Amino acid sequence: MKTCELICNKESGKGIRGTKLEDLVKKIQSYNYETNIFFTEKSGDAKEHVQNMDKVDLVLSIGGDGTFNEIVSGNHLRKEKLVLSHIPIGTTNDLGHMLGLNKNMIKNIEKIMEGEIKQVDLGLINEQPFAYVAGFGKFINVPYETSRKLKKRIGHLAYIINGIKEFFHVTKLYEVEYKINGETYHGYYSLILISNANRIAGFNNIYRDVKLNDNQFEIMFCNITRRKDLVKTLMILMRTGITNVPGIYCHTSDSIEITFKDSDKTYWTIDGEKLKDEISHYKISINKDLKMLLPKKNINKLFVK
């Protein structure tokens, strides 16, 4: 019999609703997995548990994108890497939606267990893993500054409310130098996104042809500051994707170095969580050690054969 470690963050999003945890375990066991459950109680629990746990055939996350980031981070620190998968119950669940999962947790387990193991490009920002996105600047603070209590009460609307508040704040430009693909650039930017995803912050198809195993990031620098231009950008973004927006500069690469010239700097967000640091230089690269058991639904679209 195979072994599955089920890591559950019941506080993510609105929690597990409408489905008993026992039913989820029974469904996993029906696929010939002996299953153990680990409940997180505080930030960092999932990372520490995965780093130090015994070898299993599958680590299955139940939580939000931040919970999965912890599991990925713990796995990255192991000598013997594990196969991971993820059932989304968070507020936005960008990763789950991209992979073809929905709110039906039993169906999600079926899709995962009947799926395929794929190697997935893992991002590292100064050796800290991110599963699908690292961001800096305008609106990036919204995920980690939105209260858990409000998210549990009204769900994704909580992000929208805080996003509207952020929209009316003054947009700061940060002086940045970055090196990519053998070239050096210098400029002033309000937003930076480095991702391996076609859905970010609830927006689908931001990039039109993302592959999760092509050894390439999608990288974006934005210098838009005026509110009317931000509105125009969102409208273009929903119609045609990010690469056609004036004021946005796009690259693809397997690595980038970014140096902030400003001493007054805010925090990065990785997979919706705050990256706490006090430094100005960042090296972002791709690691190839992540293997995931994924639903078959979007594999042909998301992976290079």
- Note on the structure: When segment 168-218 is checked residue by residue, the ones that are over 18 Å from Pro129 (Cα atoms), in contact with a helix residue (DSSP H, G or I) (Cβ under 7 Å, 6 or more places away or on another chain) and either modelled with pLDDT of 95 or more or not in a loop (DSSP other than H, G, I, E, B) (or both) are Arg199, Phe203
- Task: Considering every residue within segment 144-159, establish whether at least one is under 22 Å from the mean Cα position of the chain (by Cα), modelled with pLDDT of 90 or more and of a type outside the set (D, E, K, R).
- Result: no
- Which one of these is out of contact with any Ser or Thr (no Cβ under 8 Å at 6 or more places or on another chain) and at pLDDT 95 or above: Lys47, Lys42, Lys20, Lys27? Lys27
- Task: Quick one: Ile117 ticks every box in (1) in contact with a helix residue (DSSP H, G or I) (Cβ under 9 Å, 6 or more places away or on another chain); (2) at pLDDT 95 or above; (3) among the hydrophobic types (A, V, I, L, M, F, W, C) except a single one, so which number is it?
- Result: (1)
- Of all residues making up segment 84-139, the number that are more than 21 Å from Asp209 (Cα to Cα), acidic (Asp, Glu) and part of a strand (DSSP E or B): 0
- Selection status of Phe136, at pLDDT 65 or above, within 23 Å of Ser43 (Cα to Cα), touching a strand residue (DSSP E or B) at 6+ places or on another chain (Cβ under 6 Å) and surrounded by 15 or more Cβ atoms within 10 Å (Cβ to Cβ): yes
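The values are calculated or read from the model by the stated rules, or taken from the named source; none is laboratory data. All of these numbers come straight from a predicted model, not from anything done at the bench. Note that we place each Cβ from the backbone using ideal geometry, even for glycine, and neighbour counts take in every protein chain shown.
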